[in-house]
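Chemist: Dropping a structure here in structure tokens format, bear with me for questions.
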Amino acid sequence: MKQAGSPDAATLLQQAVAHHQGGRLAQAQALYREVLILAPRQFDALHLLGVIARQQGDAPLAVELIGQAIAINPAQATPHCNLGAALQDLGRSADALASYDEALRLNPAYAMALANRGNALRKLGRTQEAVDSYDRALAVRPHYPEASCNRAAALLDLGQPQAALDSAERALAGQPRYAQALCVRANALYLLRRLRDAAAAYDHALALDAKMAEAHAGRAMALHKLGRFNEALRGYDRALALRPEHAATHEHRAASLQALGRKDEAIAAWRAARGILERQGGDAGQVDFALAALGVGVMPGRAPQEYVKALFDQYAGHFDQHLTEVLEYRTPAAIDAALRQAQVPVGGDVLDLGCGTGLCAPYLKPGAASLAGVDLSERMLDKARETGLYDRLACADIVSFLEEESGPFDLVLAADVFVYFGDLSAVFGQVRRVLRAGGAFCFSTETCDGDGFVLQASNRYAHAAGYLRSLADAHGFQIALLESSALRSENGVPIIGQVAVLRGVGGRVSS
């Protein structure tokens, strides 16, 4: 029973809210509890006590208290949004999304629910829907730095760094000292290959928040690309001091150690990454591949598909420029010259394996009746599609594609593709199957001694000429041409590989 002269529940609630708004959480929490002693079903006290629980890092208690409030009054949007945030803290993104959707059913113009909904969708891998949700939030509240920043991060996930840069700068226009937005801006600059600008942007973010591990790691990646490997290594060490169980940072650190010629330390770094992935239940295939390239463990027959896809998704936006201006890429021209030398006309139905952005297409399309391309990277295919030179494009692993393909083709091409395959037997067999009688198979490889193939420290396979001759004979090909050729340059030094033109002997073979 309330004593005479003591505050009633309404007065206590008013005092609690004042303390809460002033950031005095302990005082607010005590008063909310007093309210609940007087009125156990007081909606606001339960809801706001749950909000404090989340602010204090106790997401399970927040879910419980806010859930009790919603059971009393489910018709208010705000607690549904706050419940979603607590569920997201617990990693329950699908449940969080349902809470945000309910908040928006009650209040369709609820900007925070729209923005938080975008965060949940991004966690669920529904990235384009996340961007759409951020756009809806910004339509309601144009000056919303958090929504603009998270939208920028989602655009980076979609491989749109210029749009991400614009969105991050919109966030910073409203909140110039927003460290996370500065970091996302730096990430966009890095992917745009504006490496010095990226390093400076990371410095700006770190000046505001020196404990941002993501910014230390991103800065180190930019420095590595600039050839400043020792500085990169120090940056990775700072990032790992803050976030020691981050496998990707250990992997990038290993790459810098490799670049410095510190092989044993690089192996130790790769092994550290592998241990973390094992503890976290992640896929260590790419780490095992990198270790095999350094001579540790069993050499796999091909590069992991996830590694190849991620590599080329990242490069898609500047791939052609990097190859032609930095690596002096000559493979398409070498392929064209080899076909001419072997007197193989480009005509009929042509298949471009690992077509990438379509660098070979200008040599192939003029004489081809039809030109098909296949690649593992959807972002590379987007660029190939823009050329307008392909009649058909497919996103698939080339072996899987060939297994499902009936053909027939007059010419099958693989330019700079077999550096990601060691064992070529399956590819040769499938190409032979889809070739028309008298059709040609033209490809490039990097070269090694001996009579087999090796995985190099560059994570690229090289094949001996004797190995290619054996495969050609085993699969019913006749060698029309197999000769050395400069395929590209690395640090100004030509990389000598080989170009082959094979002819199918006899008719098509069955699978």
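The values are calculated or read from the model by the stated rules, or taken from the named source; none is laboratory data. Keep in mind that what you see is a predicted model, and the values were worked out from it rather than measured. Note that each Cβ is placed from the backbone with ideal geometry, even for glycine, and that neighbours are counted across all protein chains shown. SASA here: full protein model, heavy atoms, side chains in, ligands and nucleic acids out. Shrake-Rupley method; radii C 1.70, N 1.55, O 1.52, S 1.80 Å.
Chemist: Suppose we keep only residues that are under 17 Å from Ala28 (Cβ atoms) and among the hydrophobic types (A, V, I, L, M, F, W, C) within region 54-96. Which one would you say is surrounded by the fewest Cβ atoms within 10 Å (Cβ to Cβ)?
Modeler: Filtering first and then ranking leaves Leu61.
Chemist: Turning to a different aspect of this structure: Could you grab me the full set of residues in region 189-205 that are assigned to a helix (DSSP H, G or I), open to solvent by less than 60 Å² (accessible area, probe 1.4 Å) and either of a type in the set (Lys, Arg) or out of contact with any Lys or Arg (no Cβ under 6 Å at 6 or more places or on another chain) (or both)? Can you show your working first?
Modeler: As a first pass, look at region 189-205 and keep what is assigned to a helix (DSSP H, G or I): 189-191, 195-205.
With open to solvent by less than 60 Å² (accessible area, probe 1.4 Å) added as a condition, the list becomes 189-191, 195, 198-202, 205.
Hits for region 189-205 are Leu189, Tyr190, Leu191, Ala198, Ala200, Ala205.
Chemist: For region 277-297, which residues satisfy the criterion of being more than 19 Å from the chain's Cα centre (by Cα) and either closer than 20 Å to Leu240 by Cα or not in a helix (DSSP H, G or I) (or both)?
Modeler: Passing the criteria: Glu278, Arg279, Leu294, Gly295, Val296, Gly297.
Chemist: When you scan region 402-418, do you find a residue that is under 25 Å from Asp473 (Cβ atoms) and among the aromatic types (Phe, Trp, Tyr), even just one?
Modeler: So far as region 402-418 goes, yes, one or more of its residues are under 25 Å from Asp473 (Cβ atoms) and among the aromatic types (Phe, Trp, Tyr).
Chemist: Here are some residues: Arg33, Arg24. Which one is open to solvent by 40 Å² or more (accessible area, probe 1.4 Å), within 48 Å of the chain's Cα centre (by Cα) and more than 20 Å from Leu83 (Cα to Cα)? Talk me through it step by step, then tell me what you get.
Modeler: Details: Arg33 fails: more than 20 Å from Leu83 (Cα to Cα).
It is Arg24.
Chemist: Being assigned to a loop (DSSP other than H, G, I, E, B) and either open to solvent by less than 50 Å² (accessible area, probe 1.4 Å) or touching a residue at least 24 places away in the same chain (Cβ under 8 Å) (or both) is the filter here; which residues of region 385-403 pass it? Walk me through how you get there before you give the answer.
Modeler: Step one: of region 385-403, the residues assigned to a loop (DSSP other than H, G, I, E, B) are 388-391, 396-397.
Scanning region 385-403 gives Leu389, Tyr390, Ala396, Asp397.
Chemist: From the set of residues in region 237-247 that are open to solvent by less than 40 Å² (accessible area, probe 1.4 Å) and either modelled with pLDDT under 95 or under 20 Å from the mean Cα position of the chain (by Cα) (or both), which is nearest to Arg279 (Cα to Cα)? Walk me through how you get there before you give the answer.
Modeler: Going residue by residue through region 237-247, those that are open to solvent by less than 40 Å² (accessible area, probe 1.4 Å) are 239-240, 247.
Okay, now just the ones that are also either modelled with pLDDT under 95 or under 20 Å from the mean Cα position of the chain (by Cα) (or both), so 239, 247.
Working: Ala239: 20, Ala247: 10 Å.
Only one residue fits best here, namely Ala247.
Chemist: Say we look at region 340-384 and pick out the residues that are assigned to a helix (DSSP H, G or I) and either in contact with a Ser or Thr (Cβ under 6 Å, 6 or more places away or on another chain) or of a type in the set (Val, Ile, Thr) (or both); which of these is surrounded by the fewest Cβ atoms within 10 Å (Cβ to Cβ)? Before you say what the answer is, go through the steps one by one.
Modeler: If we filter region 340-384 for residues that are assigned to a helix (DSSP H, G or I), which is where we start, we get 340-341, 361-367, 378-384.
Subsequent filtering for residues that are either in contact with a Ser or Thr (Cβ under 6 Å, 6 or more places away or on another chain) or of a type in the set (Val, Ile, Thr) (or both) retains 361, 380, 383-384.
Values: Ala361: 22, Met380: 25, Lys383: 19, Ala384: 23.
Per the criteria, the residue is Lys383.
Chemist: Please go through region 206-228 and pick out each residue that is more than 21 Å from the chain's Cα centre (by Cα) and buried (at least 19 other Cβ atoms within 10 Å of the Cβ).
Modeler: Selection gives Leu206 alone.
Chemist: Take region 177-188 and flag every residue that is farther than 14 Å from Arg243 by Cβ and surrounded by 24 or more Cβ atoms within 10 Å (Cβ to Cβ). Reasoning before the result, please.
Modeler: If we filter region 177-188 for residues that are farther than 14 Å from Arg243 by Cβ, which is where we start, we get 177-182, 184-188.
Once the filter is applied, which keeps residues that are farther than 14 Å from Arg243 by Cβ and surrounded by 24 or more Cβ atoms within 10 Å (Cβ to Cβ), region 177-188 yields Ala181, Leu182, Val184, Arg185, Ala186, Asn187, Ala188.
Chemist: Working carefully through the options Gln258, Gln286, find the one that is open to solvent by 30 Å² or more (accessible area, probe 1.4 Å) and touching a Pro at 6+ places or on another chain (Cβ under 7 Å). Steps first, please.
Modeler: On the way: Gln258 fails: touching a Pro at 6+ places or on another chain (Cβ under 7 Å).
After ruling out the rest, the residue left standing is Gln286.
Chemist: May I pose another question? Of the residues in region 135-152, how many are surrounded by 24 or more Cβ atoms within 10 Å (Cβ to Cβ) and of a type in the set (A, V, I, L, M)?
Modeler: 3
Chemist: Could you list, in sequence order, the residues of region 445-488 that are open to solvent by 50 Å² or more (accessible area, probe 1.4 Å) and charged (D, E, K, R)?
Modeler: Asp449, Asp451, Arg469, Asp473, Glu483
Chemist: Continuing with this model, one more query. Read through the list (1) at negative phi; (2) touching a helix residue (DSSP H, G or I) at 6+ places or on another chain (Cβ under 8 Å), then give the number of the only condition that Gly159 fails.
Modeler: Unmet condition: (1).
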